[in-house]
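Enquirer: Take this structure, written in structure tokens, and hold onto it; I'll ask about it next.
The values are calculated or read from the model by the stated rules, or taken from the named source; none is laboratory data. Owing to the predicted nature of the structure, the values given are computational and were not obtained by experimental measurement. Counting neighbours? That spans all protein chains shown, and the Cβs are built from the backbone with ideal geometry, glycine included.
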Amino acid sequence: MSITINAQLVSTETGAQVWADRLEGERKLGQTALRLSPHDDQASSWQLRLCYLHNLLAQWEQGIEWCEKAVVNNHDQWYGQALAALA
């Protein structure tokens, strides 16, 4: 038995909620990674990812905070400076 989904029946609200739930899951994953290994070589990459995710979720204050942390830990993270400026 196969289940098919009619894409026309899926509302944009449902799609937006699914997207927000996935972003929230990614945010939790990033925070867990940093909590478990805060001095890892890739910590600034996780911080930049959290910066980006918070901005996508329109959580501007948290986004700016994570962007600033990413830039402080890796001055080559120009992308974090750009995201902080956009927030």
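Enquirer: Within the set of pairs 6 or more residues apart or between chains, which connect a residue that is without any contact (Cβ under 8 Å) to a residue 40 or more places away in the chain and closer than 17 Å to Glu68 by Cβ inside the range 26-48 to a residue that is surrounded by 13 or more Cβ atoms within 10 Å (Cβ to Cβ) and of a type in the set (D, E, K, R) with Cβ atoms less than 6 Å apart?
Expert: Every condition considered, the pairs that remain are Gly30/Arg49; Gln47/Lys69.
Enquirer: Listed residues Ala16, Ala43; which is small (Gly, Ala, Ser) and modelled with pLDDT of 85 or more?
Expert: Checking each option against the conditions leaves just Ala43.
Enquirer: Being buried (at least 17 other Cβ atoms within 10 Å of the Cβ), closer than 21 Å to Trp19 by Cα and modelled with pLDDT under 90: is that true of Leu53 here?
Expert: It is true that Leu53 is buried (at least 17 other Cβ atoms within 10 Å of the Cβ), closer than 21 Å to Trp19 by Cα and modelled with pLDDT under 90.
Enquirer: Considering only the range 56-72, state which residues are crowded, with 19+ Cβ neighbours inside 10 Å and not β-branched (Val, Ile, Thr).
Expert: Gly63, Trp66, Cys67, Lys69, Ala70
Enquirer: Could you tell me which residue of the range 32-44 is farthest from the chain's Cα centre (by Cα), considering only residues that are part of a helix (DSSP H, G or I) and surrounded by fewer than 16 Cβ atoms within 10 Å (Cβ to Cβ)?
Expert: In this case the residue turns out to be Leu36.
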